[in-house]
1. How large, in percent, is the carbon and sulfur part of the accessible surface of the range 66-191 at a probe radius of 1.4 Å?
2. Hydropathy at least -1.0 by Kyte-Doolittle, axial extent at least 18 angstrom from the Cα trace: which helices of the chain, defined as entire DSSP H runs, fit?
3. For the chain, with every protein chain kept in place, what is the accessible area per residue (1.4 Å probe, Å²)?
4. Output the relative contact order of the chain, whole-number percent, from Cα pairs under 8 angstrom with separation of 6+ residues.
5. Could you size up the charge dipole of the chain around its Cα centre, putting +1 on the beta carbon of Lys and Arg and -1 on that of Asp and Glu, and report it in debye to the nearest 20?
6. Of K15/K153; K90/K184; K15/K79, which ones are farther than 31 Å apart at the Cα?
7. Determine which residues of the range 3-31 fall in the zone a paramagnetic label at N141 would reach in this model, i.e. backbone nitrogen under 18 Å from the point 7 Å along Cα→Cβ.
8. Of the listed values [x] 112; [y] 134; [z] 167, identify the label whose number matches volume of the Cα convex hull per residue in Å³ calculated from this model.
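The values are calculated or read from the model by the stated rules, or taken from the named source; none is laboratory data. Every value quoted in this text rests on a predicted model; they were computed, and no experiment measured them. When we count neighbours, we look across all protein chains shown, and the Cβ atoms used for this are built from the backbone with ideal geometry, even at glycine. Surface accessibility is based on the protein's heavy atoms, side chains included, excluding ligands, DNA and RNA. Shrake-Rupley method; radii C 1.70, N 1.55, O 1.52, S 1.80 Å.
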Amino acid sequence: MHGAGYLNQGFASAKLADGLALLAEGEGAHYPMLTFALGGLYDAFPQAREDIGFFGLPGENAADHGATVWTGGGVYVPKSTKGEKLELAKEFLDFVASPEGCAAQTKAYEPTGPYFVAACELPEDVPRAVRDLQDYVEAGNTTPALEFLSPIKGPALEQICVEVGSGITSAEKGARLYDQDVEKQAQQLGL
């Protein structure tokens, strides 16, 4: 991205709000982010609901690409829960993972991504970016974010990615730095 000259002027000091404004005003073409940021984008730029879509970062083969997704939220019941309280908790969990539970969530706030409950469907009027991400999910072209696949995530991953994306560090050096970062993290955790 950096070597090809695709980054905006001042990208290194830009904040999230700056990036969203560039997208909404047609001055930016792509901004790597999770769809959680859509709510703020739509609040500031209502026209963005249909003007801005979603696509996964292109890889080696443009015809075979996918999207990294954050897994759905979880609801848990402590093991110590017993008797009637456990039965009530199970009823609540059943509700949360039902079409009625998804509808209640949708009524409370607009979805910024697909539901991970198979029986739940997004409303037809969700923004374009949410529909686009749903297409990846339906096609089976998603993978969970690193946090959900590995017990270790190097604490410097974000900084390393910024260095690589900004052209400060090569991808090869970034990979080596991340391997070292993960190794240190594993040692600190006693793994």
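1. Working: 4800 of 8670 Å².
Summing carbon and sulfur atoms, their accessible area is 55 percent of the total for the range 66-191.
2. Working: long enough: 83-96 (20 Å, 0.06); 171-189 (27 Å, -1.31).
Span-like helices here: 83-96.
3. Numbers: 13200 Å² over 191 residues.
Accessible area per residue: 69 Å².
4. 23 percent
5. The calculation lands at about 680 debye.
6. Details: K15/K153 24 Å; K90/K184 40 Å; K15/K79 42 Å.
Distance filter (> 31 Å) returns K90/K184; K15/K79.
7. 30-31
8. [z]
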